[in-house]
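Following: one structure in C-alpha cells, then a few remarks.
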Amino acid sequence: MDFEHVGNAHCFELVNSVPNRQDGGDRDWLCDVDTAEAWAQTLGLGPVQRLTRDELASLRSLREKIHAVFTAVVSDVDIPVAELNAVTEAHAAGLSRYGYAPTSTGIARAWPDVWDAESLTALFAESAIEELNGPRLDRVKSCPNCQWLFVDTSRNRSRRWCSMRTCGGRDKALRHYRKTSG
C-alpha cells in the first residue's frame, strides 16, 4: 500500500490517515491493525509496536479532535474547546510520560526506542500544540480536493493542493478538459 505524507507535521500526517475525507472517509489507514502498522512504519519514527484495536480507536479519536481544531483554524472560526482540551490533555500526559533528557548540546525529548500507542498519541498531540503555538499556523491549509491538512512551506505561500501528484494533477487535468471541451 502506498502511504503519502504531505502534511509537513506529524499531527497532519495523523489527520491525513483518512485518504479520501471528502468522500465520507470510506478508507482509513487506521482501520485495522495491519494497515495501521504499515502506515506507522512509513512515518520514519523507527520501530512501532503492534497496536490493538482499542489503541487504534483511541488514535482515530485523537485524529478527529485534531482535525476539528485545525479545520476551525483554516476556516477562521472558533476552535472547538472540547476538542482542543482533549488534545491539550493528551499533550500533558505525553509530557509527563516522555519528558526531556540531557544531550551533548542541551536537552531533547526522551522518546522511546520502540513506539507504542501512548508514545504515538503523545507525539501527535505535541505536534498539534506546537503547530497551534508556532510561527507556521498561518501557513496551515486544507486541500480543496481531498481536505487533507498541510503546512504550506513554499516561499510565496502559493501551495494549493496536498500534492501535485494527486490532487494538483487531477485539478489541472479537469480544468484543461473543461477548457477544451467547452
Residue ranges of strands (runs of 3 or more DSSP E) in segment 80-150 with at least 3 members free of Cβ contacts under 8 Å to residues at least 40 places away in the same chain: 100-103, 106-109
Any pair with Cβ under 6 angstrom, 6 or more apart, that starts in segment 25-45 at a residue that is small (Gly, Ala, Ser) and ends at one that is part of a helix (DSSP H, G or I): ALA36/LEU56
Residue that is surrounded by the most Cβ atoms within 10 Å (Cβ to Cβ) [pool: residues in segment 1-58 that are aliphatic (A, V, I, L, M), within 22 Å of ARG139 (Cβ to Cβ) and in contact with a strand residue (DSSP E or B) (Cβ under 8 Å, 6 or more places away or on another chain)]: VAL15
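Can ALA40 be described as modelled with pLDDT under 95, under 14 Å from the mean Cα position of the chain (by Cα) and small (Gly, Ala, Ser)?
So ALA40 fits the description; yes.
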Single unsatisfied condition, PRO80 versus (1) of a type outside the set (D, E, K, R); (2) surrounded by fewer than 16 Cβ atoms within 10 Å (Cβ to Cβ); (3) out of contact with any helix residue (DSSP H, G or I) (no Cβ under 6 Å at 6 or more places or on another chain): (3)
Hey, PHE70 surrounded by 14 or more Cβ atoms within 10 Å (Cβ to Cβ), of a type in the set (Phe, Trp, Tyr) and assigned to a helix (DSSP H, G or I) or not: yes
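The values are calculated or read from the model by the stated rules, or taken from the named source; none is laboratory data. Nothing here was measured: the structure is a model prediction, and the numbers come from that model. FYI the Cβ positions are ideal-geometry reconstructions off the backbone, even for glycines, and counts take in every protein chain you see.
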